[in-house]
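A quick write-up on the structure given underneath.
Readers should treat all values here as calculations from the given coordinates under stated rules, not as data from a laboratory. For clarity, every value in this text was computed on a predicted model and none was experimentally measured. Every residue, glycine as well, gets a Cβ built from its backbone with ideal geometry; the counts of neighbours run over all protein chains shown.
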2 protein chains.
Amino acid sequence: MFRKNIHSYMPLYLVLGLHEQEGRSALEIAREAIAGGVTFVQLREKNAPLRQVLEQGIQLRELCRNHGIPFVVNDRVDVAILLDADGVHVGQDDLPGLEARKLLGDDKIVGISAGTLEEAEWAMEQGADYLGVGAIYATFTKQDAGAAIGTDLLREVKGRWNIPVVGIGGITRGNAPEVMAAGADGIAVVSAITKQSNPQIAASELRGIVDKNRLLNQQLP
Amino acid sequence: MFRKNIHSYMPLYLVLGLHEQEGRSALEIAREAIAGGVTFVQLREKNAPLRQVLEQGIQLRELCRNHGIPFVVNDRVDVAILLDADGVHVGQDDLPGLEARKLLGDDKIVGISAGTLEEAEWAMEQGADYLGVGAIYATFTKQDAGAAIGTDLLREVKGRWNIPVVGIGGITRGNAPEVMAAGADGIAVVSAITKQSNPQIAASELRGIVDKNRLLNQQLP
């Protein structure tokens, strides 16, 4: 249901794991973040036992369903199917998009990460529904995220293809306007929401910045 | 097709990754190992990009099919489905057996690892078709295999349940008889085949030891 209208869900994309942050469970963080304006949730958990991922994932999945926003699982298509998630987000070393699509069917979302133009080309060939481009800025959240690439690739991708794109990697209130000005449809964040003392306020502020810049972009000639 | 008669395929169970060993590709190792008497192949590859796992996995899958032996994938049920593998082998932190079964259907194999009696009980509850018990001896192949547990658990499991069991972890020609004497239906090995200068001879020697001891076990009162 979300796939056909995916552009609407790009503005504020939350990526989160299952560990507690600042005394809050992942479910609590997600609940507050959604109340603050998050429009998309990706579960990215690389270390927890999968039985725990299933147990907690089903709660996140229900939360997102109740709020009418997409919930996708990073990397594991099998887990996405078991959770009846709305799709998957795959990196360049995960299952290729077309293979994920075989398992998920036509209704589900397949998002793909890209850090170079070649990776973006491959993601397009693999039928990506949206791209996550980054790491835009330096990040300590994702160990294997690679060096910061800035906003050039994002601009190039948006100039070349008609596909929704979120920027990801080290995005904060301070640099979010720059990401949006480069043509992003939204921003994907981890710690800018999960590590804040008040995730709802953090999300609300980020959402305000994104919405303001989306309006500005639409007014450009 | 293999699930109903799985006991027959336990004698010499090869676990292998996709990296070259001693100048041989995984496919070459598997081919030689099967020629030497391997009766079961598990692909366990944790690091390679999944598109490579799919490319090489399909070759291993065809090899095993042509030789009439089961081929299963470690951990990733999605990859197993895409390869049309004969099933999966899951550890305690991977997808629970019953969840894997939901995705795979009734014809496929679900093997489960156990290193304690509690883990074995859980594996039985999760509908394991066979158990991999270990690490029996110290191993350097699998970083997270845990301390060597010897053959006591294997003996206990075989005494308690009627399920096929392979011992795994540090098994060599020297200690294989001890594993079989504890009641194992077979041995699972990695380096005892993959790291040998002649995998076919290594497999043949191991298979001989297993078969001899299976005969001995049957002759016990």
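Principal semi-axes of the equivalent ellipsoid, √(5λ) from the alpha carbon gyration tensor of the protein assembly as shown, are 47, 22, 18 Å from largest down.
Note that the stretch A:121-132 has calculated 3J(HN,Hα) couplings of 4, 5, 4, 5, 4, 8, x, 4, 7, 7, 10, x Hz, one per residue in order, obtained from phi through the Karplus relation 6.51 cos²θ - 1.76 cosθ + 1.60 (θ = phi - 60°); glycine and proline are x.
A straight chain from A:Glu20 to A:Asn66 at 0.36 nm per residue would run longer than the Cα-Cα distance by 14.3 nm.
A simple spin-label model places the labels of B:Lys102 and A:Ala148 4.2 nm from each other, with each point 7 Å out along Cα-to-Cβ. Of all DSSP beta bridges confined to chain B, the antiparallel ones make up roughly 5%.
For the stretch A:169-221, would you read off the P(r) tail past 16 Å as a percentage of all alpha carbon pairs?
Working: 500 of 1378 pairs.
Result: 36 percent of Cα pairs exceed 16 Å.
For the stretch B:9-215, give the magnitude of the charge dipole about the Cα centre (Cβ charges: +1 Lys/Arg, -1 Asp/Glu; no others), in debye to the nearest 20.
Details: 20 positive and 28 negative charges, 104 e Å.
Computed about the Cα centre, the dipole is about 500 debye.
Using a simple spin-label model with pseudo-atoms 7 Å out from Cα toward Cβ, B:Ala181 and A:Glu156 lie 6.6 nm apart. Fewest-first ordering of B:His89, B:His7 by other beta carbons within 10 Å of each residue's beta carbon gives B:His7, B:His89. Take B:Lys46, move 7 Å from Cα toward the beta carbon, and the resulting point lies 1.3 nm from the same point in each other copy, nearest first. Among beta bridges from DSSP that stay inside the protein assembly as shown, the antiparallel ones total about 5%.
Here B:Met1 yields copy-to-copy label distances, from shortest upward, of 4.2 nm, the label point defined as 7 Å from Cα along Cα to C-beta. Based on DSSP H segments of at least four residues, each scored -39500 (n - 2.57), the protein assembly as shown has a per-residue ellipticity at 222 nm of -12500 deg cm²/dmol. Listed by chain and number, the aspartates and glutamates whose C-alpha is less than 20 Å from the C-alpha of B:Lys158, apart from same-chain residues fewer than 8 away, are B:Glu118, B:Glu119, B:Glu121, B:Glu125, B:Asp129, B:Glu178, B:Asp185, B:Asp211.
Chain B's nearest residue to the axis relating it to A, judged by Cβ and reported with the distance in whole Å, is B:Asp78, 2. Looking only at A:Lys46, A:Lys102, A:Lys158, which one moves most when chain A is put into a Gaussian network model with springs between Cα atoms under 10 Å? Comparing A:Lys46, A:Lys102, A:Lys158 in the GNM, the peak value goes to A:Lys102. Taken one residue at a time, the phi angles of the stretch A:152-169 give Karplus couplings (6.51, -1.76, 1.60, θ = phi - 60°) of 4, 5, 4, 4, 5, 4, 5, x, 8, 10, 9, 9, x, 9, 10, x, 9, x Hz. Gly and Pro are set to x.
What number in nm² do you get for chain B if you take the convex hull of its Cα atoms and divide its surface by four? All intermediate terms of the calculation are to be shown ahead of the outcome.
Numbers: hull surface 43.4 nm².
If I average the Cα hull's projected area over directions, I get 10.8 nm².
Ignoring lysines fewer than eight residues from B:Lys102 along the same chain, the ones with Cα atoms less than 24 angstrom from its Cα are A:Lys46, A:Lys102, A:Lys108, B:Lys4, B:Lys46. How large is log10 I(q)/I(0) at q = 0.17 Å⁻¹ when the Debye formula is applied to the Cα atoms of the stretch A:77-178, each weighted equally and without solvent? For the stretch A:77-178, the Cα-only Debye profile gives -0.77. Shielding by partners for peptide A:77-84, expressed as the average number of C-beta atoms from other protein chains within 10 Å of each residue's C-beta, is 5.
For the residues B:Asp129, A:Asp107, A:Asp86, B:Asp106, what sequence is obtained by ranking on other C-beta atoms within 10 Å, fewest first?
Values: B:Asp129 22, A:Asp107 11, A:Asp86 25, B:Asp106 6.
By the 10 Å Cβ count, ascending: B:Asp106, A:Asp107, B:Asp129, A:Asp86.
Computed from the C-beta positions of B:Thr172 and B:Leu27, the FRET efficiency with R₀ = 30 Å rounds to 0.80.
Each residue of the stretch A:181-196 is assigned a 3J(HN,Hα), and the resulting list reads 5, 7, x, 4, 8, x, 10, 10, 9, 10, 5, 4, 10, 5, 9, 8 Hz, derived from the Karplus form 6.51 cos²θ - 1.76 cosθ + 1.60 (θ = phi - 60°), x at Gly and Pro. Label reach from A:His7 (point 7 Å along Cα→C-beta): in the stretch A:156-181, amide nitrogens under 20 Å belong to A:156-168, A:179-181.
The same position B:Asn198 in the other copies lies at 7.5 nm from this copy, comparing label points 7 Å beyond Cα toward the beta-carbon, shortest first. When B:Arg61, B:Arg155 are sorted by how many other C-beta atoms sit within 10 angstrom of their C-beta, beginning with the fewest, the order is B:Arg155, B:Arg61.
Residues whose amide H falls under 5 Å from that of B:Gly17, counting only those 5 or more places apart or on a different chain, are B:Arg44, with hydrogens built in the peptide plane. Taking every residue in B:92-102 and counting other chain Cβ atoms within 10 Å of its Cβ, the average works out to 4.
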